[in-house]
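The values are calculated or read from the model by the stated rules, or taken from the named source; none is laboratory data. The model shown is predicted, which means the values in this text are computed figures rather than measured ones. Note: ideal-geometry Cβ built from the backbone for every residue, glycine included; neighbour counts use all protein chains shown. What goes into the accessible areas is simple: the full protein's heavy atoms, side chains included, and nothing from ligands, DNA or RNA. Shrake-Rupley method; radii C 1.70, N 1.55, O 1.52, S 1.80 Å.
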Amino acid sequence: MIGEPRLHEPECESTQKLLVDRADDLPEGAVATTDHQTAGRGRLGREWEDAPGTSVLVSVLLRPPPERAAPELSLVTAAATAEAVEAATTLSAQIKWPNDVMLNRRKVAGILAEMHGDAVVIGIGVNVNQNVAQLPAHARTPAGSLRSLTGSDYDREALLARILERLSTRYAAWRTGGLDAVFDEIGSRNFLFARAIRIGDVSGVGGSIQRDGRLEIVTGHDSHVLVESGEVEFVR
Ligand code: BTN
């Protein structure tokens, strides 16, 4: 079960750092949480900012079996987070490939996977109770919080518990069956499907997420490319 032991600091640089620094001494499933990060890490070297006491900020230590493709864990975690956000809000949550969770066309959660030897530290940041003024105004993907999108406040501990419970189930399935075993949860939540998108210099229309985790981009009447990773801009 993911969630034990739990290291909690009221404030820290980054929960990723808390776990990475102790990764060699901790078992699989250990988590680190905080109420505020002073140097939160996002993907591609970006920062992840939070207003104190408003977010779910958690990192999870996993030791995937060598036969599994560890990068798939971003999608698995995004699926678990989407399920938990959907259960809390009763709004349909999507995955913006490969690792964002979207609600009403706004990014409410981001996932960051960092390798540490044979361990993977997966960070999850969910915007929960921020008001509009507390959200980044000029993010590449427009940001939202559960509160800004629904008008309600949420119990962050209850949401954390739900995320970890969903992740425990999905991770166990992935360990034994790979991405195929969690694919239903991923393929059906594809935010980019049928949207005009661009990844690097490839432009087209978002197609399906493949069973190996790649994203299809339809580039012409009879042509498509499959991309393994990258920063997706969606146009509309
Ligand atoms: C992204 O969308 O760029 C990924 C953001 C990941 C943020 C989380 S918050 C908990 C964990 N600690 C960090 O420093 N980053 C991740």
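Within segment 125-155, the set of residues being in a loop (DSSP other than H, G, I, E, B) and open to solvent by 40 Å² or more (accessible area, probe 1.4 Å) comprises N131, P136, A137, H138, A139, R140, P142, G151, S152, D153, Y154, D155. Cβ-Cβ contacts under 7 Å between residues 6 or more apart (or on different chains), taken from a first residue in segment 1-16 that is within 19 Å of E114 (Cβ to Cβ) to a second residue that is within 13 Å of the ligand (Cβ to nearest atom) and part of a loop (DSSP other than H, G, I, E, B), are listed as E13/T38; E13/A39; S14/A39; S14/G40. Restricted to segment 38-62, and to residues there that are under 26 Å from D118 (Cα atoms) and without any contact (Cβ under 8 Å) to a residue 60 or more places away in the chain, the residue that is nearest to the ligand (Cβ to nearest atom) is R46. From the list T169, T176, the lone residue that is free of Cβ contacts under 8 Å to residues at least 24 places away in the same chain and of a type in the set (S, T, N, Q) is T176.
Please work out if I122 is assigned to a strand (DSSP E or B), surrounded by 14 or more Cβ atoms within 10 Å (Cβ to Cβ) and in contact (Cβ under 8 Å) with a residue 40 or more places away in the chain.
Against the criterion (assigned to a strand (DSSP E or B), surrounded by 14 or more Cβ atoms within 10 Å (Cβ to Cβ) and in contact (Cβ under 8 Å) with a residue 40 or more places away in the chain), I122 qualifies.
Restricting attention to segment 63-105, the residues that are away from the ligand (no atom under 13 Å from the Cβ) and farther than 27 Å from A23 by Cβ total 13. Among the candidates R211, R162, R189, the residue that is closer than 18 Å to A109 by Cβ, touching a helix residue (DSSP H, G or I) at 6+ places or on another chain (Cβ under 7 Å) and open to solvent by 40 Å² or more (accessible area, probe 1.4 Å) is uniquely R162.
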